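Engineer: Attaching a single structure in structure tokens format; questions to follow.
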Amino acid sequence: MSTRASSASPHWLRVGVVSAVAAVVLFGGWQLRGASSGPGLRGGLSQDSIGPAGPPGEPATAFPAPMRPVADIVAPRWTREDVRDEAGEFEQVAGLAKIRPGMAVADIGAGDGYYVARLVPLVGRQGMVFGQDIIPDYLGLLADRARRERWPNVRVVLGEPHDPRLPPGGVDVALMIHMYHEIEQPYALLWNLATAMRPGGRLVILDLERPTAQHGTPPGLLRCELKAVGYRERSFTRTAFDEYVAIFEAPGIATRPSPAAVSAAVSANPCRAPRE
Ligand SMILES: C[S@@+](CC[C@H](N)C(=O)[O-])C[C@H]1O[C@@H](n2cnc3c(N)ncnc32)[C@H](O)[C@@H]1O
């Protein structure tokens, strides 16, 4: 078990402050999604520059639906960036994920780009960052930021709820930060994500140990859903009192279970939320 980098304030105080600010940002964010043209699209990259980066994968209908509530999408960010920096969030996740210069990293559910902004200098010009999401307005904010900051190595990618639409075999590390509980088709998304991973590629999931309806994912439920698609757990680290980072190795495209085999595995061993 590990904890976030220490700072002058006590751990319980930092966690309380992060959670309180996150609640305000997360639950105040509905307006952004509801807007027909987000502020990020004005003067930013054109809508044309925001699109899929890979061909369509398998359809959602080929996979079972999850047997647990799916959280609503309410905001393009977990909480304020200065609060996250104070907690040392990015450094800790990047360290656990072993992200190095030259890697291709996909931030699935990137929102307005807290991780993308920090990945850009870490992977460097020889590397690549895919800032991916399914909400065009959120990607508009990210594209604006990319243009303003003149990031040389970022591609803003529009995916679908069941398909990240990333380039086949193009990703070393995929991040899912505070978003797994919002995925409405987890089996399809994980299966299609495997197409985008390089051999040995890793999926890094940060979430809260809470019911999915409360913007978290119980670890047992997470493991069950990933195992059904052939992902192998490599590490599990508790990073705050109810927060964890779980790292999985993606299955190779030749060895992953077929969609029919995923359905059979889920029927035989249903992945259900624990009773509360
Ligand atoms: C709470 S925000 C977190 C944003 C960012 N990762 C962060 O940590 O600040 C969740 C994000 O996940 C995105 N999202 C939800 N379902 C998704 C899916 N199936 N594929 C990609 N992104 C998704 C939402 O649009 C939203 O931007």
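Engineer: Quick check: anything in the stretch 107-121 over 19 Å from residue 247 (Cα atoms), surrounded by fewer than 19 Cβ atoms within 10 Å (Cβ to Cβ) and at pLDDT 95 or above?
Structural biologist: Checked against the condition, which is being over 19 Å from residue 247 (Cα atoms), surrounded by fewer than 19 Cβ atoms within 10 Å (Cβ to Cβ) and at pLDDT 95 or above, the stretch 107-121 yields at least one hit.
Engineer: Turning to a different aspect of this structure: Would you mind finding the one in 182, 233, 225 that is acidic (Asp, Glu) and away from the ligand (no atom under 16 Å from the Cβ)? So that I can check it myself, show each step before the final result.
Structural biologist: Details: 182 fails: away from the ligand (no atom under 16 Å from the Cβ); 225 fails: away from the ligand (no atom under 16 Å from the Cβ).
Only one candidate passes the filter, namely 233.
Engineer: Within the stretch 1-13, can one find any residue that is touching a Phe, Trp or Tyr at 6+ places or on another chain (Cβ under 8 Å) and either within 12 Å of the ligand (Cβ to nearest atom) or at pLDDT 50 or above (or both)?
Structural biologist: No, the stretch 1-13 has no match at all.
Engineer: Of all the residues that make up the stretch 82-98, how many are within 12 Å of the ligand (Cβ to nearest atom) and under 27 Å from residue 52 (Cα atoms)? Spell out how you get there, then give the answer.
Structural biologist: Start the filter on the stretch 82-98 by keeping residues that are within 12 Å of the ligand (Cβ to nearest atom), which leaves 83-84, 89-90, 93.
Then drop every residue that is not under 27 Å from residue 52 (Cα atoms), which leaves 90, 93.
The qualifying residues number 2.
Engineer: Within the stretch 99-125, how many residues turn out to be more than 7 Å from the ligand (Cβ to nearest atom), in contact (Cβ under 8 Å) with a residue 60 or more places away in the chain and part of a loop (DSSP other than H, G, I, E, B)?
Structural biologist: Result for the stretch 99-125: 3.
Engineer: Let me ask something else. Does at least one position in the stretch 166-176 carry a residue that is more than 22 Å from residue 127 (Cβ to Cβ) and within 14 Å of the ligand (Cβ to nearest atom)? Explain how you work it out, then say what you get.
Structural biologist: Taking the stretch 166-176 first, the residues more than 22 Å from residue 127 (Cβ to Cβ) are none.
No, every residue in the stretch 166-176 fails to be more than 22 Å from residue 127 (Cβ to Cβ) and within 14 Å of the ligand (Cβ to nearest atom).
Engineer: Does residue 238 satisfy being in contact with a Gly (Cβ under 8 Å, 6 or more places away or on another chain), surrounded by fewer than 19 Cβ atoms within 10 Å (Cβ to Cβ) and among the basic types (Lys, Arg)?
Structural biologist: The answer is no for residue 238.
Engineer: Considering only residues of the stretch 55-81 that are surrounded by 14 or more Cβ atoms within 10 Å (Cβ to Cβ) and over 26 Å from residue 273 (Cα atoms), which is farthest from the ligand (Cβ to nearest atom)?
Structural biologist: Taking the candidates together, the pick is 57.
Engineer: Follow-up question, since we're still on this one. With the requirement that a residue be under 22 Å from residue 268 (Cα atoms) and out of contact with any Ser or Thr (no Cβ under 9 Å at 6 or more places or on another chain), what does the stretch 60-76 give you?
Structural biologist: Scanning the stretch 60-76 gives 60, 61, 65, 67.
Engineer: So, one more: Let me confirm something: among 243, 225, 209, which residue is closer than 22 Å to residue 267 by Cα and acidic (Asp, Glu)?
Structural biologist: Within the list 243, 225, 209, the selection yields 225.
The values are calculated or read from the model by the stated rules, or taken from the named source; none is laboratory data. This is a predicted model, so every value here is computed, not measured. Note that we place each Cβ from the backbone using ideal geometry, even for glycine, and neighbour counts take in every protein chain shown.
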